[in-house]
Amino acid sequence: MSKGDEISAEPVQRILAAARFAAEKHAGQKRKGDAAEPYINHLIEVAELIAASSNVLDPNLLMAAFLHDTVEDTGVTPAELEEKFGADIAGLVLEVTDDKSLPKQVRKSLQVQNAHKKSPRAQTLKLADKISNLRSILSSPPQDWSAERKREYFDWARDVISGLPSPNRVLKEEFDRTYARFNGVPE
């Protein structure tokens with residue numbers, strides 16, 4: 001490594017701490033697809049998509065990528081996230097967290113209705129999450145999902161993303177390519 005390649009260790013240490021925390025909280029969870037991948041794979045993919053979408057890294061956004069499902073899916077509280085990782089990261093996570101006390105259809109409808117209210121960083125996180133989910137459905141869909149169920153998910157994801165007022169250009173292009181693959185459009 002040349003001298004110009006060196007970076008401060010602190011942001012990398014913080015990102016890895018978030019990754020480890022997420023891995024511990026999601027331990028034992030699997031993706032819904034037929035391959036039943038470890039859930040951490042999804043979180044890594046979301047972080048990787050975000051990291052690849054810009055020449056400048058936002059360490060807090062990468063940390064939020066690892067942590068984005070902890071409140072929704074593991075029982076971690078917003079206060080716990082804020083205490084461990086700070087208000088900015090907790091705020092990003094909460095901005096993309098569904099209220100699990102609501103019925104699933106209401107939560108899905110609210111994602112479409114509230115997309116335009118997301119901050120630019122939360123839009124980036126939302127886009128990366130949806131890309132990862134669509135890719136998963138393409139490569140390893142849940143066994144009990146019909147073609148119609150897959151189509152409904154893809155169309156709903158498109159509706160959410162189309163409501164984002166200023167999506168990350170790189171991720172929006174990747175979302176569009178991934179969406180097109182469902183329709184058999186070659187890359």
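Scanning the range 134-158 for residues that are in a helix (DSSP H, G or I) and either of a type in the set (S, T, N, Q) or closer than 16 Å to Ala122 by Cα (or both) turns up Ser136, Ser139, Ala157. Among the residues of the range 109-153, those that are touching a residue at least 40 places away in the same chain (Cβ under 8 Å) and among the hydrophobic types (A, V, I, L, M, F, W, C) comprise Val112, Ala115, Leu125, Leu127, Ala128, Ile131, Leu134, Ile137, Leu138.
Quick grid of which residues meet (1) touching a Pro at 6+ places or on another chain (Cβ under 8 Å); (2) of a type outside the set (D, E, K, R); (3) part of a helix (DSSP H, G or I):
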{"position": "Ile89", "(1), (2), (3)": "no, yes, yes"}
{"position": "Val93", "(1), (2), (3)": "yes, yes, yes"}
{"position": "Lys108", "(1), (2), (3)": "no, no, yes"}
{"position": "Lys126", "(1), (2), (3)": "no, no, yes"}
{"position": "Lys130", "(1), (2), (3)": "no, no, yes"}
{"position": "Ile161", "(1), (2), (3)": "yes, yes, yes"}
{"position": "Val170", "(1), (2), (3)": "no, yes, yes"}
{"position": "Arg181", "(1), (2), (3)": "no, no, yes"}
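Screening Val71 with (1) of a type outside the set (Gly, Ala, Ser); (2) modelled with pLDDT of 95 or more; (3) more than 17 Å from the chain's Cα centre (by Cα) gives one miss only, at (3). Evaluated against (1) part of a helix (DSSP H, G or I); (2) closer than 22 Å to Ala51 by Cβ; (3) in contact (Cβ under 8 Å) with a residue 24 or more places away in the chain, Arg177 falls short on exactly one condition, (3). Scanning the range 104-120 for residues that are among the basic types (Lys, Arg) and within 16 Å of Asp69 (Cα to Cα) turns up Lys104, Arg107, Lys108. Against the conditions (1) without any contact (Cβ under 8 Å) to a residue 12 or more places away in the chain; (2) in contact with an Asp or Glu (Cβ under 8 Å, 6 or more places away or on another chain), Val106 satisfies every one except (2). Within the range 68-87, the set of residues being part of a helix (DSSP H, G or I) and surrounded by 21 or more Cβ atoms within 10 Å (Cβ to Cβ) comprises Thr70, Val71, Leu81, Phe85. The number of residues in the range 80-90 that are in contact with a helix residue (DSSP H, G or I) (Cβ under 8 Å, 6 or more places away or on another chain) and free of Cβ contacts under 8 Å to residues at least 40 places away in the same chain comes to 5.
Of the helices (runs of 4 or more DSSP H) entirely within the range 1-67, those holding at least 1 residues that are buried (at least 17 other Cβ atoms within 10 Å of the Cβ) and of a type in the set (Phe, Trp, Tyr) occupy 9-25, 59-67.
Is there a residue being loosely packed, with under 14 Cβ neighbours inside 10 Å, of a type in the set (D, E, K, R) and in contact with a Lys or Arg (Cβ under 7 Å, 6 or more places away or on another chain) anywhere in the range 154-169? No: the range 154-169 contains no residue that is loosely packed, with under 14 Cβ neighbours inside 10 Å, of a type in the set (D, E, K, R) and in contact with a Lys or Arg (Cβ under 7 Å, 6 or more places away or on another chain).
The values are calculated or read from the model by the stated rules, or taken from the named source; none is laboratory data. None of the values given here were measured: they were computed from a predicted structure. Using ideal geometry, Cβ is built from the backbone for each residue, glycine included, and neighbour counts are taken over all protein chains shown.
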